[in-house]
Structures are given as C-alpha cells and as structure tokens.
C-alpha cells in the first residue's frame, strides 16, 4: 500500500485535549502527513500503544498514527495480510503463518516475550496436560494459544487427536470455559482472568514453560517499510519512549492500559511477570542470528518445523528479509 510521502512541520508546541486526556506536542516535531494505520488487540505487551496515543508520543515523534483496536486478534492478522492496515501487533507464530500464505511482511521490533500470560487452563480435577485426553478444549485455531496447546500436548506425549478441540474466538472460549461448557481453554491475558473465574480452575501449562516460544512484534507490510522508512522509524522510536514513560508514570500507565483491557488495575498489575517487555538491547540480541531460543531466527525455524509437522502450513515459508533490525539499531541509547 503506497501513499504520497509528505511531511508537515510545526513551529510551536501545542496541547490537545481529547476526551479528558491532555497530550503535549513537541515544538520540534509534528505528525507526518503520511498516516500509519496501526492495529493492536488485547495483549498486555501491546497496550503501551494506547499509552503512546493518549500521551501524545506519536505526534511528538512526528508520525500520524491511526491506532485501530481489534476486538478479535484474528481480524487484525487478516487486516495486515490483506493490506487493510499498514502495521499490526502480532506474534512470530502468526506472522510466519501469514508469510506462508503469501503475505509480504517485515518484523521491525520485538515488543515482548510471553513469560506466563498465555495459559492452558483446566477445570477442577484436571491437574496436568495428560489429563486433557478425551476432554473438550476450547481455543482459537491458528493463534498462538493453539500453538501453546500443541506444544504442551506434545510434551505430554499427546496430539490434537487425543482431545476434542472446540474452535472459537479467544474471548468466547474463555467465557465458555468459565460457564462450564468445556473442560479446558487456551487463552491469553486478559482473557485468562475471565477463565480463572471458574471455581477450582487452574493453569496446567503456561508460556513460562516454553521460554522464547511466543515473542510479540510490531509487523509492517513490506511495501510500507520500503516506501515510508521515516514513519517506521518514528513508530519504533515512539515505542521505546513509551516504555520509559510507563516506567516513570506507573500508576497512570496502568490506569490507561487496564481500561483498554477492560480489567481492574489490580488485575492488570498481576500480568506484569507474565509479559517481559523487551529493552533495546534485548531487541538487538533477539535480532542477532543464533542457535538458542533467545534468537528470533532459531525460534522461527523451530516454529516452522512444528507448523509443518502438525499440518498448520503446507510448505516451508521463505523468511529471507522478514527480520529487519535497522530501525531498532537507529534508536538512540
């Protein structure tokens, strides 16, 4: 998707009040005339984008962002794959699935790693993944929690054929489990909070048990990166400034992110350990080629192998050029 590249400059600082939130615009930078449509959905590692919007950090870094929230994560994946949006917040797993289907995309930033906020939650009496044999398990097919379920089943010497998979959107799956309609659910925060409302329920597997398996990213269409590198750089720079703002203004940030997630501030704080937000250095380390789960190229190869083995993709996708670290490298220390 190509748009004419124009830039607007402002000579003075401005303060804009939107629905009770006051945001400052820098006197040295102003929003670009090229609008970037950025998608995100319900995941703690992506809610900082809401903070960036409400605190005027996009405009401060000279980028005009149309921040689009998707109630359905799958809809956001489809929107990026079809070019309906320019960038999206999504997992490595789902990006690889899109690329295998022919989408031209680039990963330019690691937002975080899931370190516990993706969970397989089971009803009272089911104390291990092995106990899922013959049980109804709700999960959104093709998403990262489906992948986590398959990883956990494989570790327990089971396959998807050993359970009764009930496909449904993650929010609906969590609600169905809480209502006692299924025996287990694969879900991510904040929907795990809904699922755990079921009396006696417990997490029998989490992403903490599979280090590095679920990295989350800022992903652009390849054409947008080629045509508008300044806007891409501005978004990556904004991300790190937002992370710093959150660190310096924790209570206000939690209030903003909890509201976006539809949960209480206390619930949101409980997600902290389960999502590890990456620093610039952690980004650089992840983008560097290597042979451990900390390296994206290694993790991508493992995910592709698993997707091929389980039939989630028909052939090995070409990922040359998928990982693009130039923008992280250009962010000042």
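The values are calculated or read from the model by the stated rules, or taken from the named source; none is laboratory data. Since the structure is predicted, the reported quantities are computational estimates derived from the model, not experimental observations. No Cβ is skipped: glycine too gets one built from the backbone with ideal geometry, and neighbour counts run over all protein chains shown.
With the requirement that a residue be farther than 24 Å from residue 211 by Cβ and touching a helix residue (DSSP H, G or I) at 6+ places or on another chain (Cβ under 9 Å), what does segment 257-292 give you? Break it down into steps so the answer makes sense when it comes.
Filtering segment 257-292 for residues farther than 24 Å from residue 211 by Cβ gives 257-267.
Scanning segment 257-292 gives 257, 258, 259, 260, 261, 263, 264, 265, 266, 267.
So, restricting to helices (runs of 4 or more DSSP H) that lie completely within segment 38-88, which ones have at least 2 residues that are within 15 Å of the chain's Cα centre (by Cα) and surrounded by 21 or more Cβ atoms within 10 Å (Cβ to Cβ)?
Result: 48-54, 73-81.
Looking only at segment 29-48, decide whether some residue is modelled with pLDDT under 50 and over 20 Å from residue 262 (Cα atoms). Don't jump to the end; show me each part of the working.
Within segment 29-48, the first condition is being modelled with pLDDT under 50, and the residues that meet it are 29-30.
Applying the additional criterion that residues be over 20 Å from residue 262 (Cα atoms) yields 29-30.
Within segment 29-48, one or more residues are modelled with pLDDT under 50 and over 20 Å from residue 262 (Cα atoms).
Among the residues of segment 300-309, is there at least one that is surrounded by 14 or more Cβ atoms within 10 Å (Cβ to Cβ) and not in a helix (DSSP H, G or I)?
There is no residue in segment 300-309 that is surrounded by 14 or more Cβ atoms within 10 Å (Cβ to Cβ) and not in a helix (DSSP H, G or I).
Looking at (1) assigned to a loop (DSSP other than H, G, I, E, B); (2) touching a strand residue (DSSP E or B) at 6+ places or on another chain (Cβ under 8 Å); (3) farther than 23 Å from residue 211 by Cβ; (4) at pLDDT 95 or above, which is the one condition that is false for residue 141?
Residue 141 satisfies every listed condition except (4).
Hey, among the residues in segment 102-133 that are touching a helix residue (DSSP H, G or I) at 6+ places or on another chain (Cβ under 7 Å) and part of a loop (DSSP other than H, G, I, E, B), which one's surrounded by the most Cβ atoms within 10 Å (Cβ to Cβ)?
This residue is 117.
Given the criteria touching a strand residue (DSSP E or B) at 6+ places or on another chain (Cβ under 6 Å) and touching a residue at least 40 places away in the same chain (Cβ under 8 Å), does residue 41 qualify?
Values: touching a strand residue (DSSP E or B) at 6+ places or on another chain (Cβ under 6 Å): yes; touching a residue at least 40 places away in the same chain (Cβ under 8 Å): yes.
Judged against the criteria, residue 41 is a match.
Could you tell me which residue of segment 160-199 is surrounded by the most Cβ atoms within 10 Å (Cβ to Cβ), considering only residues that are in contact (Cβ under 8 Å) with a residue 60 or more places away in the chain and assigned to a helix (DSSP H, G or I)?
191
Tell me the residue from 244, 230, 318 that is under 26 Å from residue 104 (Cβ atoms) and assigned to a helix (DSSP H, G or I), please. Give the derivation first.
Numbers: 244 fails: under 26 Å from residue 104 (Cβ atoms); 318 fails: assigned to a helix (DSSP H, G or I).
Every option except 230 fails the conditions.
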